[in-house]
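The values are calculated or read from the model by the stated rules, or taken from the named source; none is laboratory data. Fair warning: this is a prediction, and the values are worked out from it, not measured in the lab. Cβ atoms come from the backbone with ideal geometry, glycine included; neighbour counts cover every protein chain shown. Each accessible area value is taken on the protein alone, full model and side chains, heavy atoms only, with ligands, DNA and RNA left out. Shrake-Rupley method; radii C 1.70, N 1.55, O 1.52, S 1.80 Å.
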Amino acid sequence: MSGPILTSSRGNSFRPPICWPLMPVPDSDGRLAFPGLEASVRQRIEAVLRTSPGEQLMRPEFGAGLELLVHQPNTAEVRARAQETIREAVGAYEPRITLDGVDVAPGTDPRELLVTIAYRIRATAASGQVSATVPVGAA
């Protein structure tokens, strides 16, 4: 057999990774404060929303590309397209959750969209929600 051999004092019972936090902050003792599962999931969803495809060298398809909506009109067609793009991107890059809903609605300002993502974490069945305001062109 070639290649690396898996060894551990815990045998084959590995915990699934929580994922890398965006920016861990050292505490008063100098230790890094890694987020818990809920915070890690929320950070990953926010990263997917804020990243445009092509920004990450090793994952060129990563991201929802919401900043591309800046020059798009605030129409039902653009909102439906954004909703589908968000659903596909979050579904592809955050496997620890089940999406309950993605809502893209006009904001209070006609130059904004309100994006709301409702989800459940598969490991704990805890529910969560992420909301974001995205600038768009006027209708």
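Observations, loosely collected:
Okay, residues lined up against (1) surrounded by fewer than 16 Cβ atoms within 10 Å (Cβ to Cβ); (2) without any contact (Cβ under 8 Å) to a residue 40 or more places away in the chain:
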{"site": "VAL70", "(1), (2)": "yes, no"}
{"site": "VAL78", "(1), (2)": "no, no"}
{"site": "ILE86", "(1), (2)": "no, yes"}
{"site": "THR108", "(1), (2)": "yes, yes"}
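- Segment 40-51 residues that are touching a residue at least 24 places away in the same chain (Cβ under 8 Å) and more than 15 Å from LEU68 (Cα to Cα), paired with ones that are of a type in the set (Phe, Trp, Tyr) and assigned to a helix (DSSP H, G or I) (beta carbon under 8 Å, 6 or more apart): ARG44/TYR93
- Residue check for PRO95: without any contact (Cβ under 8 Å) to a residue 40 or more places away in the chain, over 24 Å from GLY36 (Cα atoms) and open to solvent by 40 Å² or more (accessible area, probe 1.4 Å): no
- Strands (runs of 3 or more DSSP E) (entirely within segment 51-139) containing at least 3 residues that are hydroxyl-bearing (Ser, Thr, Tyr): 127-135
- From the list GLU46, GLU38, GLU61, the lone residue that is at pLDDT 80 or above, within 14 Å of PRO95 (Cα to Cα) and surrounded by 10 or more Cβ atoms within 10 Å (Cβ to Cβ) is GLU38.
- Top-ranked residue in segment 113-127 [being more than 16 Å from GLN43 (Cα to Cα) and surrounded by 15 or more Cβ atoms within 10 Å (Cβ to Cβ); ranked as farthest from the chain's Cα centre (by Cα)]: LEU113
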